[in-house]
Structures are given as structure tokens and as C-alpha cells.
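Report on one structure; see the data block that follows.
The values are calculated or read from the model by the stated rules, or taken from the named source; none is laboratory data. What you see is a predicted model, and the numbers here were worked out from it, not measured in a lab. Backbone-built Cβ (ideal geometry, glycine too); neighbour counts: all protein chains shown. Areas reflect the complete protein model, heavy atoms only, side chains present, ligands, DNA and RNA absent. Shrake-Rupley method; radii C 1.70, N 1.55, O 1.52, S 1.80 Å.
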Amino acid sequence: MSSRPDLTQHLRDLALLRRVRDRIDREYAQPLNVEALARGVHMSAGHLSRQFRLAYGESPYSYLMTRRIERAMALLRRGDLSVTEVCFAVGCSSLGTFSTRFTELVGVPPSTYRTQTAHVTAEMPPCLAKQVTRPIRNREAPVTEPHLA
């Protein structure tokens, strides 16, 4: 049997977690870290991380990086910015970390993605291109075996 205060606290925590997720969605390009996000909802960083993972299946940092990679994919499809410019435009401060995470989620490095998708999505409406090219969340992109002829 669950007590009323426990349920009330759980619902309050879920509302706070939604605020954190909404802030990440809105401010993905800003310098965000778990400590700052936790302060914003009056939680400890550890508690926020644990509760966010329980609610959304991934850590706040992973969610933030996924948002950044999704936006980076759209900017790379446009083709008018370099990979470095895209990296900084989406709020990443390290090109190496950006490239590594991009490759993990998308399956190819950002430079390869830029050249491969520029012509593929050129005729698609942006809303459809975004849906078709959405990064894989909560797991790495499948590794394709090279075909030997």
C-alpha cells in the first residue's frame, strides 16, 4: 500500500523532471551541466541523474547530447556550415567529443554524414528529413560489416 505523501512527492518529482527536459530542449546550445540543471529544480545532481534515468531511460547528459546531435544533423544536411561550425553552434565545446558522440549515435562521422545526406534529403521536406534521419537513442548505431568481394 502506497501512502499519499509518497505519491504526491513522486508527482512533484516528475513535474520537475519535465522542467529539466524542457530546459534541455530549449537551451541545448547553451553551456548546460547536470549540476546547473539540478540547482534549477532544487535537487542534488545525483538525485536528478537517477530520477531522470528512471523516468526517461537515459541520463540528463545523454539526453542533452542527443538533442545536440539531432540539431547538428539538420545543420549538416543544410550543407552551408563546416563540421567545426556545427559543433560550436549546437553547444559542444570539444570537436573530439562531438565527433565521437555523433558517430556513436548516427553510425558515421559528421563529415561523412554531411556529404552523404546533402543530396539524399535535398528534395525532402525538412519535417520528413528530420524523422527519417533521427539518431538512435539509448544504444549505439549498428556496426555494419564490410562487404568483401
Give the residue, chosen from Leu37, Leu64, Leu17, that is farther than 22 Å from Arg101 by Cα, in a helix (DSSP H, G or I) and either in contact with a helix residue (DSSP H, G or I) (Cβ under 7 Å, 6 or more places away or on another chain) or among the hydrophobic types (A, V, I, L, M, F, W, C) (or both). Leu17
State whether one or more residues within segment 70-82 are open to solvent by less than 10 Å² (accessible area, probe 1.4 Å), of a type in the set (D, E, K, R) and part of a loop (DSSP other than H, G, I, E, B). no
Condition first: of a type in the set (Phe, Trp, Tyr) and modelled with pLDDT of 95 or more. Can you find one or more residues in segment 103-121 that meet it? no
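One line per residue, one yes/no per condition, for (1) in contact with a Leu (Cβ under 8 Å, 6 or more places away or on another chain); (2) closer than 23 Å to Ala72 by Cβ:
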| residue | (1), (2) |
| --- | --- |
| Leu16 | no, no |
| Arg21 | no, yes |
| Ile24 | yes, yes |
| Glu27 | no, yes |
| Pro31 | no, yes |
| Gly40 | no, no |
| Leu54 | no, no |
| Gly57 | no, yes |
| Pro60 | yes, yes |
Quick check on my filter: what residues within segment 1-48 are under 21 Å from the mean Cα position of the chain (by Cα) and farther than 24 Å from Gly91 by Cα? Leu14, Ala15, His47
